[in-house]
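Below: the structure, in structure tokens.
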Amino acid sequence: MCRQQQETTTIRRPFRAPPVQKEGPRSNKDIRIPFVQLIDIDGQNRGPTPTADALAMAEEAGLDLVEIVPTANPPVCKILDLGKLKYEGQKKAAEQRKRQKIIEVKEIKMRPNIDDHDYETKMKAVRRFFEDGDKVKLTLRFRGREMAHQDLGMLLLNRVRDETAEIAKVEAEPKLEGRQMMMVLAPRG
């Protein structure tokens with residue numbers, strides 16, 4: 001007996017990448033509208049101008065026709081150097097990134113029966129974190145029978161809150177989670 005095997009083939013389609021979206025404003029041949037509000041090299045408003053004439057003027061000056069306000073009717077276009085515009089945009093973005101401060105949350109761990117000297121050392125660190133503009137998360141860890149004296153932990157966190165009142169504000173009130181009591185403080189300003 002002859003058994004027939006059925007042959008199966010899979011058809012593979014070639015991978016097509018999605019069309020590349022240009023970053024930044026439309027320029028030169030990408031502007032496909034009949035009329036534009038033209039601002040020339042000197043910054044003078046030329047009024048509604050046929051796009052072909054505006055492109056010719058930009059080419060004659062050795063510059064680009066760049067769409068500045070695409071939502072206007074007709075869109076506002078300016079004759080300028082597109083490379084220079086992009087460079088200045090990148091420079092401005094880099095400057096903003098440099099000025100941006102990333103706020104970190106620093107954690108300080110204490111025990112409910114902390115000694116005075118240890119407490120002062122921790123408070124110096126807390127003040128230093130606030131000067132750097134960081135938030136501080138205070139964690140109180142209860143061990144064994146210390147859980148019976150949660151009021152001591154609350155008193156300690158309230159003491160920290162009172163001492164830092166002029167430089168920090170409470171972002172998260174003290175709360176108990178399992179065997180830990182936590183409070184988050186953020187610098188004022």
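The values are calculated or read from the model by the stated rules, or taken from the named source; none is laboratory data. Here the structure is a predicted model, which means the values were calculated and not measured. Backbone-built Cβ (ideal geometry, glycine too); neighbour counts: all protein chains shown. Keep in mind that these areas ignore ligands, DNA and RNA; they rest on the heavy atoms of the full protein, side chains included. Shrake-Rupley method; radii C 1.70, N 1.55, O 1.52, S 1.80 Å.
Laid out as a table, the results:
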| item | result |
| --- | --- |
| Strands (runs of 3 or more DSSP E) contained in the range 1-114 and holding at least 1 residues closer than 30 Å to Gly133 by Cβ and charged (D, E, K, R) | 105-110 |
| Inter-residue pairs, beta-carbon under 8 Å, first assigned to a strand (DSSP E or B) and in the range 167-179, second open to solvent by 100 Å² or more (accessible area, probe 1.4 Å) and not aliphatic (A, V, I, L, M), 6+ apart | Ala168/Arg188; Lys169/Arg188 |
| Test: residue in the range 59-79 that is small (Gly, Ala, Ser) and more than 34 Å from the chain's Cα centre (by Cα) | yes |
| Hits in the range 115-158 - residues which are part of a helix (DSSP H, G or I), without any contact (Cβ under 8 Å) to a residue 40 or more places away in the chain and over 39 Å from the mean Cα position of the chain (by Cα) | Asp116, His117, Gly144, Arg145, Glu146, Met147, Ala148, His149, Gln150, Asp151 |
| Check on Asp53, open to solvent by 40 Å² or more (accessible area, probe 1.4 Å) and touching a strand residue (DSSP E or B) at 6+ places or on another chain (Cβ under 9 Å) | yes |
| Unmet requirement for Arg16, which otherwise passes all of (1) in contact with a Cys (Cβ under 9 Å, 6 or more places away or on another chain); (2) at pLDDT below 85; (3) not polar (S, T, N, Q) | (1) |
| Selection within the range 28-83 - polar (S, T, N, Q) and either at positive phi or in contact (Cβ under 8 Å) with a residue 12 or more places away in the chain (or both) | Asn28, Gln37, Thr49, Thr51 |
